[in-house]
Each structure stands twice: as C-alpha cells, then as structure tokens.
1. Please go through (1) closer than 20 Å to LEU125 by Cβ; (2) surrounded by fewer than 23 Cβ atoms within 10 Å (Cβ to Cβ); (3) at pLDDT 95 or above for ILE49 and return the number of the only condition it doesn't satisfy.
2. Run VAL164 past the list (1) out of contact with any Cys (no Cβ under 9 Å at 6 or more places or on another chain); (2) among the aliphatic types (A, V, I, L, M); (3) over 17 Å from ILE60 (Cβ atoms) and report the number of the one that doesn't hold.
3. Residues to consider are VAL116, VAL86; find the one that is buried (at least 17 other Cβ atoms within 10 Å of the Cβ) and either modelled with pLDDT of 95 or more or not polar (S, T, N, Q) (or both).
4. Does GLY142 qualify as being touching a Pro at 6+ places or on another chain (Cβ under 6 Å) and surrounded by 24 or more Cβ atoms within 10 Å (Cβ to Cβ)?
5. Here are ALA58, ALA6, ALA65, ALA27: which of them is at pLDDT 95 or above and either open to solvent by 30 Å² or more (accessible area, probe 1.4 Å) or among the polar types (S, T, N, Q) (or both)?
6. Checking the structure you have, find out if any residue of segment 208-231 is assigned to a helix (DSSP H, G or I), surrounded by fewer than 15 Cβ atoms within 10 Å (Cβ to Cβ) and out of contact with any His (no Cβ under 6 Å at 6 or more places or on another chain).
7. Those residues that are under 15 Å from VAL143 (Cα atoms) and out of contact with any Ser or Thr (no Cβ under 8 Å at 6 or more places or on another chain), I need them from segment 86-100; list them, please.
8. List the residue pairs whose Cβ atoms are under 8 Å apart, where the first residue sits in segment 144-173 and is free of Cβ contacts under 8 Å to residues at least 12 places away in the same chain, the second is part of a strand (DSSP E or B), and the two are 6 or more positions apart or on different chains.
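The values are calculated or read from the model by the stated rules, or taken from the named source; none is laboratory data. What you see is a predicted model; the values in this text were computed from it and never measured. When we count neighbours, we look across all protein chains shown, and the Cβ atoms used for this are built from the backbone with ideal geometry, even at glycine. These area figures cover heavy atoms from the full protein model, side chains too; ligands, DNA and RNA do not enter into them. Shrake-Rupley method; radii C 1.70, N 1.55, O 1.52, S 1.80 Å.
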Amino acid sequence: MTVYVAMDDTDNLTSRGTGRLARAVAATLSREYNVYGVTRHQLFVDDAIPYTSHNSCAVIHLPHAEKQDVPAIFAIAEKCMLDDFVEGSDPGLAVASANQVTPALIAFGKDAKANVLTQETARNLAQNLDIMLKGLGGTEDGVIGSMAGIGLARAGNDGRFLQVGKIREITGLCTAAELFEAGIDAIITRDGRQITEGVIEAPEGKSVKPCPIGGWIVLIVDEQDGHLIPVKRD
C-alpha cells in the first residue's frame, strides 16, 4: 500500500516554493515512514486561476504506509505546513491511501491539467471518497490542486521527481553509471534509444529531473552533437 501526501498553493512570489516545502515535510515524515520520493505535477495555467508562478502541486509518496496511518501522517504534514505558513498563500493538504483513489479522482487530476475546477468539486469528491482534505489558510484554493495531485500521482505517468533516491546529491556533469547508482532505472532518448553509458550534461549546480513512467524512474535526454542533455518535463 502507498499513502500519498499532496499539497498546493503554499507560497507567494517571494517565498520558498511548494516543492521545497514538500521536501521538508518528506524529511520530517521520513523519521517514522519510508519515503519513496516527491513528485511535481503541472496543473492548468489560466487567467481564471490564481497561482504564484507555475501552478504546480507536490506529492510525497510513502510506499509502506497503510490507510490506518493516514490520520497520523496528515497531522504531521499539517503541523509542518502551518509552522511554515507563508502570508498571502492559500494552502491545501490532502492525504489518501492508494485504495481510496478511484477512477473519479484520477479523472479529477487529469481534468485539473486542462480545466478550471472548483473547491466545491474537490471537497465533495474528498467527502465521497473519505479522503482527508483541509485548507490551511487564505482562500484555501490549494484544496483543488491537492486532490488533483493525489489522482495524478496514483495514476502514474505524470509529472517529474523533485526527490527520489539520491538524485539530488548529484549535480552538473555526471555519468550514466552514477545516475543508475543514485536510483534512476532507465535513461532514454525521445526516440526510444536506451542510454547505458556516457556523460549526462546537467547544468552546473543542478540535478537531473527524472519522471515516473510505467512504475520506473526514467530520465529522458536529448542527444545533440554527441552531447547528452537531460530534459526537464512537466
């Protein structure tokens, strides 16, 4: 069983981002639970949606937690988020076990990538699926992205990892072997070729951004004049 911890709208234009907060919450949760990784999921960008910069949510994956752990996990995440509340933000928090994620929630997540959704729909969905959902300040619009994040994370094949394995410990130029050792399962080009060796040229000081694809941790690269350039996907 996996438990998903999703958060959205936790920042303002000058603060740390939601991804950084999610990694901090993951670090706290890791004291009691195994953390598989943290994913970022891009949501719809539209003038009708108030967002800070990119309108993305973040989800922490806890692979060995159970449904009965959800209230305790929610309490830990809620405290972390309230302790680091940013004025002007509209945070939401949702926590659910994998068996609570129905096709309706997965569809909601996919809809959130292309449509303007409402708090009412998100809250009704959480109530009907018995999912813990709460707004933690401001307008509480973050409840929409939090519910969407759980659906997208559970469905897989969406977003990219902000944290997984030891990927963040490797920055700049690195070898394929180093990335495999750090936790990446496969490195592929956009046209489907598998890369097993060579140097991956991430920007100086930056780590690569693999994606969850088919249950694998996959880094996609472009090969340009013999250089392997990592692709950052939404």
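1. If we test ILE49 against (1) closer than 20 Å to LEU125 by Cβ; (2) surrounded by fewer than 23 Cβ atoms within 10 Å (Cβ to Cβ); (3) at pLDDT 95 or above, just (3) comes out false.
2. Of the numbered conditions (1) out of contact with any Cys (no Cβ under 9 Å at 6 or more places or on another chain); (2) among the aliphatic types (A, V, I, L, M); (3) over 17 Å from ILE60 (Cβ atoms), the odd one out for VAL164 is (3).
3. Working: VAL116 fails: buried (at least 17 other Cβ atoms within 10 Å of the Cβ).
Among VAL116, VAL86, only VAL86 is buried (at least 17 other Cβ atoms within 10 Å of the Cβ) and either modelled with pLDDT of 95 or more or not polar (S, T, N, Q) (or both).
4. So GLY142 passes the test.
5. Working: ALA58 fails: either open to solvent by 30 Å² or more (accessible area, probe 1.4 Å) or among the polar types (S, T, N, Q) (or both); ALA6 fails: either open to solvent by 30 Å² or more (accessible area, probe 1.4 Å) or among the polar types (S, T, N, Q) (or both); ALA65 fails: either open to solvent by 30 Å² or more (accessible area, probe 1.4 Å) or among the polar types (S, T, N, Q) (or both).
So the residue among ALA58, ALA6, ALA65, ALA27 that is at pLDDT 95 or above and either open to solvent by 30 Å² or more (accessible area, probe 1.4 Å) or among the polar types (S, T, N, Q) (or both) is ALA27.
6. No, every residue in segment 208-231 fails to be assigned to a helix (DSSP H, G or I), surrounded by fewer than 15 Cβ atoms within 10 Å (Cβ to Cβ) and out of contact with any His (no Cβ under 6 Å at 6 or more places or on another chain).
7. Listed by number, the residues that qualify are VAL95, ALA96.
8. none
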